[in-house]
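Quick note: the coordinates plus some simple rules give every number you see, no bench work behind them. Predicted model, so just to flag it, every value in this text is computed and none were measured. A quick note on method: Cβ atoms are made from the backbone with ideal geometry, for glycine too, and the neighbour counts reach across all protein chains shown.
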Amino acid sequence: MFRVYAIIGGMKVLGIETSCDETAAAVVEDGTRILSNQIASQVEIHARYGGIVPEVASRQHVLAIIPILQQAMAKAGVTWGDIDGIAVTNGPGLAGSLLVGLNVAKAIALAHGLPVTGVNHLEAHIYANWLGSSTPGFPLVCLIVSGGHSDLVLMKGHGDYVVLGRTRDDAAGEAFDKAARILGLGYPGGPAIERAARNGTVSIQLPRAWLKGCDDFSFSGVKTALLRLVEGKKVLLSANQGSGLSAWDAAASFQEAVIDVLVTKTVAVAREHRVKQILLAGGVAANELLRRRLAENSPIPVMVPEPVLCTDNATMVAACGYFRFQLGKVNGLDLDVVPSLKMT
Ligand code: KG4
Ligand code: ZN
């Protein structure tokens, strides 16, 4: 039932991403050239609740997915006859959200006789690095820092992943989100902490979990240390609270502690494995200080996607899908969502 697709160039993949709170569709050519990148963000809706409400997220995806797909096709200037394959995130993520994207992808595949490949959201984040002006070289180490993960991944080729380290508790993005809530800075926390930190100074040494001898991370300690400072009224959350650190200084100190650990451990792992390249990926990779610090402290060349491609989008799904198609990884219409999908 599937059309034969060319592997020789000009392959256009439609990417679909609905794993969390962004409804996104994009068309990418040969895994590297962005023809369109449409994203409907639900951030303002979830900000009212201080975090993502899964039921609300899936309902919003249902409302947004068809217009976003139509926009992605129109912006790319393509019709269904120009599309060679569909890449869709099937995990990890929220089950109800993933189901919306996956079912739309399967319906399109059936209607237009197109092949589908299911993409791991974390692998997709890595592939945002193929959408810039230069191509990453293997072997490489990628630090994926998002709302749900802080993983150090060794890649020796396309589709060849070894997870060397992961977080034992809070992910880096989750820690940023919780710290912002503690400091009353709003949601999403990463950009809020980054903005606040620009007005403050690193005036307190918050604890770093080095976990010597292993490549894992832990961010719950630094978050709890911040909470204790606020509970002990050592951080000034409002102007009439007396003397103490400003919330800006606390944000700067928190950001410094998290980035110090991320950069130091990533460079150490990359040196140990003698890789040619370090990649940064995931929502936290949009953080300006993290991008700068990693570049300044690494003897190995560092690549980071444009900030807009670090947070959730569908170009990265299409890029990852392209390389999966090249490896012959096509799924049947029995493809299902896997909310706790692991990288293999
Ligand atoms: O990759 P992503 O968009 O979604 C997930 O797959 O989780 O990452 C979202 C996470 C959130 O925790 C958000 O606070 C964080 O990335 N983030 C940032 C920044 N922008 C987004 N963290 C630090 N600095 C930023 N500029
Ligand atoms: Zn993500």
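Data for the structure
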quantity: Among 25-35, 266-276, 46-56, the order from most to least packed when residues are scored by Cβ within 10 Å on average; calculated: 25-35, 266-276, 46-56
quantity: Most mobile listed residue (85, 189, 137) in the chain, GNM with C-alpha springs under 10 Å; calculated: 137
quantity: In degrees, nearest ten, helix 315-326 long axis to first principal axis of the chain (Cα); calculated: 50 degrees
quantity: Shape category assigned to region 1-154 from the gyration tensor of Cα positions, a/c cut at 1.5; calculated: oblate
quantity: 0 to 90° range, to nearest 10: angle between helix 220-231 axis and the chain longest Cα axis; calculated: 50 degrees
quantity: Extension reserve of the residue 212-residue 74 stretch, reckoned as 0.36 nm per residue once the Cα distance is removed; calculated: 44.5 nm
quantity: Percent antiparallel among DSSP beta bridges (both partners in the chain, rounded to 5); calculated: 60 percent
quantity: Mean Cβ count within 10 Å, highest first, over the residues of peptides 116-124, 219-227, 314-322, 254-262; calculated: 314-322, 116-124, 254-262, 219-227
quantity: Cβ-Cβ FRET estimate between residue 289 and residue 95, R0 fixed at 41 Å, reported to 0.05; calculated: 0.75
quantity: Förster radius 41 Å - calculated FRET efficiency between residue 234 and residue 162 (Cβ-Cβ, nearest 0.05); calculated: 0.45
quantity: Between 0 and 90°, nearest 10: helix 288-297 axis offset from the chain longest Cα axis; calculated: 90 degrees
quantity: Only Lys, Arg (+1) and Asp, Glu (-1) charged, at Cβ; the chain dipole about Cα centre in debye; calculated: 520 debye
quantity: The chain: most fluctuating residue of 311, 18, 201 per GNM, C-alpha cutoff 10 Å; calculated: 201
quantity: Linear extension gain, residue 203 paired with residue 47, 0.36 nm per residue minus alpha-carbon span; calculated: 53.2 nm
quantity: Within region 293-337, backbone nitrogen closer than 20 Å to the virtual label 7 Å beyond the Cα of residue 134 toward Cβ; calculated: 293-310
